[in-house]
Amino acid sequence: MGTNQNPKEILKNTVAPSTALAYLDPQYWDERFSNEEHYEWFKDYSHFRHLIQAHIKPNSSVLELGCGNSQLCDELYKDGITEITCIDLSVIAVEKMQKRLTSKGYNEIKVLEADMLDLPFSNECFDVIIEKGTMDVLFVDSGDPWNPQPATVTKVMAMLEGVHRALKPDGIFISISFGQPHFRRPLFDAPKFTWSVEWSTFGDGFHYFFYVLKKGRRSSDGKGSSESFQLPSICLYQEELETEDYIFRTNVDEINF
């Protein structure tokens, strides 16, 4: 591929759908993964490594939801975390990732075809569960972000209930998201969950949210979190304007507002 080709045109012609609603279509993902080798949603590991290392130990058992063709598990493995299970709804993504990891000799990593809304794991079996942009897809047709559609809430709660069930009693759920705390907290803080909720941000122009939900740490008053929140200012750089993250966020904003 010539180096003088416009990155935005490459993106337009190869991966980005015409509407964010396409992200809800399993066929879109199968077709995309058939033609795309690698894409990192919401920045690569180097941008949040300092945050994730504070919560994952070398002996942690880790589940990654919606792995797609990300190299997050590769990077975790190189950092000494070898007990990793990755799942995705797309059989094509799963098969290609299995081949990639085998070619690298990362044979301990398991890659399974599975639905994050119906996790096929026993209770309390993971120390850490991670999702990076996967939950955000559930919100692309949510309507008013302050009052999401009931169907959206049902799907999100099914995901969170499965995560909470599969986490060990002191396990941690890490969610890397565009979703701002005033939109995510009503879901994270549902009474059925025992986790505490905290977050950090990373990124230059876009601010991505790094949520850490610690099971069994909910405060005695029943509230998961009490932090105040001020939306970071946005100053976009040209390379950020040319990423699919920008297109995804723009399309979601157009749908939601």
Problem set entry | About the Cα centre, charge dipole magnitude for the stretch 78-191 (Lys/Arg +1, Asp/Glu -1 at Cβ), debye | 340
For this session: Taking only protein heavy atoms into account and a 1.4 Å probe, give the accessible area per residue of the stretch 1-152 in Å².
Result: 51
Exercise. Given the pairs 104/192; 110/215; 43/110; 78/192, which span a C-alpha to C-alpha distance of over 32 angstrom in this model?
Worked result: 104/192; 78/192
Exercise. Taking the mean number of other Cβ atoms within 10 Å as a proxy for protection, how do you rank 130-136, 207-213 from highest to lowest?
Worked result: 130-136, 207-213
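The values are calculated or read from the model by the stated rules, or taken from the named source; none is laboratory data. Values in this document were obtained by computation on a predicted structure and should not be read as measured data. Note that we place each Cβ from the backbone using ideal geometry, even for glycine, and neighbour counts take in every protein chain shown. Side chains are part of the model used for accessible areas, which takes the heavy atoms of the whole protein and leaves out ligands, DNA and RNA. Shrake-Rupley method; radii C 1.70, N 1.55, O 1.52, S 1.80 Å.
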